[in-house]
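Taken together, the values in this text are just the output of simple stated rules run on the coordinates, not laboratory data. These numbers come from a predicted model, not from an experiment. FYI the Cβ positions are ideal-geometry reconstructions off the backbone, even for glycines, and counts take in every protein chain you see.
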Ligand code: DQA
């Protein structure tokens, strides 16, 4: 079974309530359910998590070193400055796709810089919850191609 860890960072628990013009109306739980449904169709499983604490996110990235074929991460604002999270992702050496609900390049200047992107396989932003689904499809297809299943 292909296992994908989905990690959400600070404030993403408020998705569907905060700044809905940017992040949409779907709650994080609805996004989780969409992903679980798609994963089942793809013959994969997602382990969906959210924390407001950087250290917890780092622990989870370290945990993904075993038993997971890929990671989808939306690091929230940590995207823009957390070298600790970046180092954890490098150490994990699991394929990672960075996802953002909003288009970080169409907002404040400081949001367009991600310290996470350079260590990711790919980045999807601006497509709302669809971005998570596309990331899942890509990781599953790639795990199958690479025989990681
Ligand atoms: C975000 C974009 C970040 O800049 C912001 O701090 C977030 C959400 C997104 O999903 O669009 O918390 O990661």
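What to note about this one:
- Cβ crowding within 10 Å, taken as a proxy for footprinting-reagent exposure, orders 33, 108 from fewest neighbours to most as 108, 33.
- Protection-proxy order for peptides 70-81, 53-64, 110-121, 16-27, each taking the mean of Cβ atoms within 10 Å per residue, highest first: 70-81, 53-64, 110-121, 16-27
- Additional length obtainable on full extension of the chain from residue 77 to residue 22, 0.36 nm per residue less Cα span: 18.4 nm
- Overall form of the chain per C-alpha gyration tensor (a/c, 1.5; a/b vs b/c): oblate
- Pair residue 49, residue 117: separation of 7 Å Cα→Cβ label points (nm): 2.6 nm
- Computed from label points 7 Å out along Cα-Cβ, the spacing between residue 108 and residue 41 is 3.7 nm.
- Measuring nothing but how far apart in sequence close Cα pairs (under 8 Å, 6+ apart) lie, relative to its length, the stretch 14-149 scores a relative contact order of 24 percent.
- Separation of the residue 62 and residue 137 label points, Cα + 7 Å toward Cβ, nm: 3.6 nm
- Residue order, fewest to most beta carbons within 10 Å, for 97, 104: 104, 97
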